[in-house]
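All remarks here apply to the structure that follows.
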Amino acid sequence: MLPSEGWLEPPDSLVGLTVMPGGILLGYSGKTIYASVPYVPSAWPLAHQIQADYNVRGLIVTGAGVVVLTEGNPALIVGTDPPIVTGK
């Protein structure tokens, strides 16, 4: 299997680009939070997407993870590897 199998381009509607430690880029569109492959800013696998309960309005990187500001309740994303990052 190729390491790049399943890698996608970021969506055209991606906004709020944020850099996490470890070379991961985060952005959002609607209720979806997108995470790149570490140090590969052109690769945004489907498996790295996280769904919020409400439309996302901002992302804030903290020492504990990423605070997801939404139109409803905020959420916290923790982790250092996109496939195991969890939200809520």
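The values are calculated or read from the model by the stated rules, or taken from the named source; none is laboratory data. Quantities reported herein were computed from a predicted structural model and do not represent experimental measurements. Heads up, the Cβs are rebuilt from the backbone with ideal geometry, glycines too, and the neighbour counts pull from every protein chain shown. Surface accessibility is based on the protein's heavy atoms, side chains included, excluding ligands, DNA and RNA. Shrake-Rupley method; radii C 1.70, N 1.55, O 1.52, S 1.80 Å.
Some points to look at:
- Spin-label pair Ala64-Ser4: with each label point 7 Å from Cα along the Cα-Cβ axis, the two points sit 3.9 nm from one another.
- For the listed peptides 34-45, 61-72, a ranking on the average number of other beta carbons within 10 Å per residue, highest first, reads 34-45, 61-72.
- Accessible area of the range 3-67 belonging to carbon and sulfur atoms, whole % at 1.4 Å probe: 59 percent
- Relative to the Cα centre, the charge distribution of the chain, modelled as +1 at Lys and Arg Cβ and -1 at Asp and Glu Cβ, gives a dipole magnitude of about 220 debye.
- Amide H contacts under 5 Å for Ile24: Tyr39, restricted to partners 5 or more places along the chain or on a different chain, H placed in the peptide plane at 1.01 Å from N.
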